[in-house]
1. Within the set of other residues whose C-beta is less than 13 Å from the C-beta of Arg70, count the net charge using Lys and Arg as +1 and Asp and Glu as -1.
2. Taking just the alpha-carbon atoms of region 32-118, what radius of gyration and Dmax come out, in angstrom?
3. Within a Cβ distance under 13 Å of Lys97, other residues only, what is the Lys/Arg minus Asp/Glu net charge?
4. How many nm is it between the label spots at Ile80 and Gln31, if each spot is 7 Å from the Cα in line with the beta carbon?
5. Within 10 Å, count the other beta carbons around each residue, average over each peptide in 34-40, 62-68, 49-55, and list them highest first.
Amino acid sequence: MTRRLSCQPGILVLQISCTPVLIKIVGSERQYYVYILECADRTLYTGWTSDIDKRINSHNSSRNGAKYTRSRRPVRLVFIRGYSSLSDALKEEARIKKMSKAQKIQLIEGQAQGSERKSP
């Protein structure tokens, strides 16, 4: 049985069995992601998560994926942006969801061009 003994910013102390274990959390701020998926039918889906790998896997293989993407598999990640604040991530998700498909494609292409410019 695991029991939380204390928690401070960046440090978590858990008791696992009889031995307390100190866990130092590197980068104590949690990261939130806003993402856009391209579905098999070429439609776009926008969402947010704190664990991008787990969420993409959910969309592609489990019942925990969004209802919209369950019938449009496989999906692939075409855009991702990280935020340290959940509030900022949710605001960005709402802003992107209001965009037209053409605007979303411009956003996706802009990110791709930005990453190409950064490549050596």
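A short reminder: the numbers here are calculations on the coordinates, not readings from a lab. Nothing here was measured: the structure is a model prediction, and the numbers come from that model. Note that each Cβ is placed from the backbone with ideal geometry, even for glycine, and that neighbours are counted across all protein chains shown.
1. Result for the neighbourhood of Arg70: +3.
2. Cα only, region 32-118: 12.7, 38 Å (Rg, Dmax).
3. Working: positive: Lys91, Arg95, Lys98, Lys101, Lys104; negative: Glu92, Glu93.
Its environment carries a net charge of +3.
4. Spacing of the two 7 Å Cα→Cβ label points: 0.8 nm.
5. Values: 34-40: 20.1, 62-68: 12.0, 49-55: 14.3.
Going from most to least packed, we get 34-40, 49-55, 62-68.
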